[in-house]
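Novice: The structure is given below, and queries will be raised subsequently.
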Amino acid sequence: MDIKVGDRLEMKKPHPCGCRIFRVNRIGMDFKILCEGCNHEVMLPRSKVEKNIKKILSDTQE
């Protein structure tokens with residue numbers, strides 16, 4: 001997958017706050033993503049993040 005730092009991801013399942021949009025802060029074996037609804041930072045393994053992505057929204061696209 002072509003994911004870069006700063007991209008926004010729409011996930012299949014929402015965060016407990018109800019928001020489905022996350023911003024990518026770090027990429028590696030683990031992803032550090034930030035919920036845009038409540039600003040909670042989550043670290044997840046790459047495989048789990050890539051499996052749960054519904055759509056990749058680039059940094060410039062809204």
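Novice: Could you go through region 14-26 in sequence order and give the Karplus-derived ³J(HN,Hα) for each residue, using 6.51 cos²θ - 1.76 cosθ + 1.60 with θ = phi - 60°, rounded to whole Hz, and x for Gly and Pro?
Specialist: x, 5, x, 6, x, 8, 9, 9, 10, 9, 7, 9, 8
Novice: Got a sec? Charge dipole of the chain, +1 on Cβ for Lys and Arg, -1 for Asp and Glu; which of V24, G6, S47 is way out at the positive end?
Specialist: S47
Novice: Rounded to the nearest 500, what is the chain's calculated 222 nm mean residue ellipticity when only DSSP H runs of at least 4 contribute -39500 (n - 2.57) each, over all residues?
Specialist: -3000 deg cm²/dmol
Novice: Between M43 and D2, what length comes free when the chain is fully extended (0.36 nm per residue of separation minus the Cα-Cα distance, one decimal in nm)?
Specialist: 12.9 nm
Novice: For R26, what charge total do you get from the other residues with a beta carbon under 13 Å from its beta carbon, if Lys and Arg give +1 and Asp and Glu give -1?
Specialist: Spelling it out: positives minus negatives among the neighbours equals +1.
Novice: Rounded to whole Å and sorted largest first, list the principal axis extents of the Cα atoms in the chain.
Specialist: Its Cα atoms span 25, 25, 18 Å along the three principal axes.
Novice: Separate question: Hey, what's the chain come to in accessible area per residue, 1.4 Å probe, Å²?
Specialist: On the way: 4100 Å² over 62 residues.
For the chain, the per-residue accessible area is 66 Å².
Novice: Percent of accessible area on the chain owned by carbon and sulfur, 1.4 Å probe?
Specialist: Answer for the chain: carbon and sulfur cover 50 percent of the accessible area.
Novice: Here is a further query. By per-residue mean of other Cβ atoms within 10 Å, what is the highest-first order of 25-31, 6-12? Mind dumping the intermediate values first?
Specialist: Numbers: 25-31: 13.0, 6-12: 15.6.
In decreasing order of mean packing, 25-31, 6-12 become 6-12, 25-31.
The values are calculated or read from the model by the stated rules, or taken from the named source; none is laboratory data. What you see is a predicted model; the values in this text were computed from it and never measured. Backbone-built Cβ (ideal geometry, glycine too); neighbour counts: all protein chains shown. In case anyone asks, the SASA skips ligands and DNA or RNA and just uses the protein heavy atoms, side chains included. Shrake-Rupley method; radii C 1.70, N 1.55, O 1.52, S 1.80 Å.
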